[in-house]
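Okay, so here's the structure we're looking at.
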Amino acid sequence: MSVILVTGSYDHEIRFWEAWSGICSRTISRSGEAGQVNRLAISPDKRLLAAAIHKKVYIYETASSSSTPLTCLDAHTMNVTAVSFHSEGKWLVTGSEDGTIRIWDLRSAQVHRTYDNGAPVNDVCVHPNQGELISCDQAGCIKQWDLSENLCSHELTPAGDVPIRSVSLASDGSCLVAGNNKGKCYVWKINEEKSDLPRYQAVTKFSAHKKYITRVLLSPDVKYLATCSADTTVKIWSISENYEFRQEKVLQGHQRWVWDCAFSADSAYLVTASSDHTARLWEMASGETVRQYNGHHKAAVCCALHDGPG
């Protein structure tokens with residue numbers, strides 16, 4: 001499986017798609033089980049799919065046809081809103097509306113560590129150095145959690161108590177972008193801990209959308225930022241070397257909220273998931289939809305794509 005493309009929906013189903021044909025190749029139907037699919041993540045080796053479903057995280061094999069998960073991670077007490085693999089695929093990080101961030105050992109399916117964030121967590125990402133996590137929450141805070149020290153080592157509150165919906169870290173660790181409930185984006189340059197400069201140096205902020213931002217995502221080559229919104233669009237911003245963000249394209253086609261997006265490994269394509277029940281594959285160069293994925297019966301709220309080397 002060279003390309004793994006997965007979507008999750010309020011219809012409780014997880015669907016695997018053939019990216020180019022648009023055909024649904026596998027459905028994990030979970031009949032009789034309650035809980036909407038909130039977030040999806042594919043392991044670095046492409047072997048596993050982590051699906052945040054209500055309060056639990058289910059781990060599926062990507063190459064299997066079975067709808068039975070390999071394991072279930074069950075400790076959060078409210079909706080799991082974020083899920084991310086550590087680079088070696090042995091650990092999983094989750095964030096939840098219960099105000100905690102948990103690190104799981106996938107070999108034992110046990111909680112390895114719990115961070116108490118104190119407010120509902122909206123998003124978590126792993127720093128490329130694999131030693132830190134960045135989270136954002138309903139209270140408007142962005143926090144850096146140090147994996148070795150077991151503590152919150154930095155805290156940012158760019159817009160008071162306006163909830164921060166999404167955070168994205170550059171693949172080279174150079175910058176951090178956050179998007180909030182008022183459609184604003186905030187950008188920090190990340191300096192070396194050893195330098196005299198602040199770890200997070202605010203470089204710019206801009207209004208990306210007039211409505212909610214649901215997801216911000218930096219492209220793997222760090223040349224673009226994608227912002228998804230309640231306004232039904234996805235905007236593509238180019239990033240200059242001195243962190244000037246310029247709107248390049250507006251991806252128009254979805255009929256309702258766009259909830260999630262995922263870049264291809266070469267940054268040439270973007271997948272999006274929307275309340276209009278569909279997912280779309282966009283070509284970055286043209287800004288056009290090149291494939292639409294139809295099959296979900298309710299809002300498609302999350303997607304994951306892994307087409308790089310496994």
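Looking only at region 24-81, which residues are on the phi > 0 side of the Ramachandran plot and among the charged types (D, E, K, R)? Answer for region 24-81, where residues must be on the phi > 0 side of the Ramachandran plot and among the charged types (D, E, K, R): ARG30, LYS46. Applying a threshold of 9 Å to beta carbon distances and a minimum spacing of six or more residues, or different chains, the list of pairs starting in region 153-176 at a residue that is within 17 Å of VAL126 (Cβ to Cβ) and ending at one that is open to solvent by less than 50 Å² (accessible area, probe 1.4 Å) and among the basic types (Lys, Arg) reads SER153/LYS143; SER153/ARG199; HIS154/LYS143; HIS154/ARG199; SER166/ARG215; SER168/ARG215.
Got at least one residue in region 113-135 being assigned to a loop (DSSP other than H, G, I, E, B), over 20 Å from the mean Cα position of the chain (by Cα) and not small (Gly, Ala, Ser)? The answer is no, given that none of the residues of region 113-135 is assigned to a loop (DSSP other than H, G, I, E, B), over 20 Å from the mean Cα position of the chain (by Cα) and not small (Gly, Ala, Ser).
Regarding ARG30, is this residue in contact with a His (Cβ under 6 Å, 6 or more places away or on another chain), among the charged types (D, E, K, R) and open to solvent by less than 40 Å² (accessible area, probe 1.4 Å)? Against the criterion (in contact with a His (Cβ under 6 Å, 6 or more places away or on another chain), among the charged types (D, E, K, R) and open to solvent by less than 40 Å² (accessible area, probe 1.4 Å)), ARG30 qualifies. Taking (1) touching a residue at least 12 places away in the same chain (Cβ under 8 Å); (2) open to solvent by less than 60 Å² (accessible area, probe 1.4 Å); (3) within 29 Å of GLY310 (Cβ to Cβ); (4) not aromatic (Phe, Trp, Tyr) in turn, SER66 satisfies each apart from (1).
ASP45 meets the conditions (1) farther than 18 Å from SER274 by Cα; (2) open to solvent by less than 30 Å² (accessible area, probe 1.4 Å); (3) out of contact with any Leu (no Cβ under 6 Å at 6 or more places or on another chain) in every case but one. The failed one is (2).
Applying the set (1) surrounded by 15 or more Cβ atoms within 10 Å (Cβ to Cβ); (2) under 19 Å from the mean Cα position of the chain (by Cα) to SER87 leaves exactly one unmet item: (1).
Taken over region 269-283, the criterion of being open to solvent by 20 Å² or more (accessible area, probe 1.4 Å) and over 16 Å from ILE4 (Cα atoms) is satisfied by ASP276, HIS277, GLU283.
If the condition is being under 26 Å from SER219 (Cβ atoms) and open to solvent by 50 Å² or more (accessible area, probe 1.4 Å), then region 129-170 contributes ASN129, HIS154, ARG165.
The values are calculated or read from the model by the stated rules, or taken from the named source; none is laboratory data. Everything quoted here is computed from the prediction, not taken from an experiment. Counting neighbours? That spans all protein chains shown, and the Cβs are built from the backbone with ideal geometry, glycine included. Ligands, DNA and RNA are stripped out before the accessible areas are found, and what is left, the full protein with its side chains, is counted by its heavy atoms. Shrake-Rupley method; radii C 1.70, N 1.55, O 1.52, S 1.80 Å.
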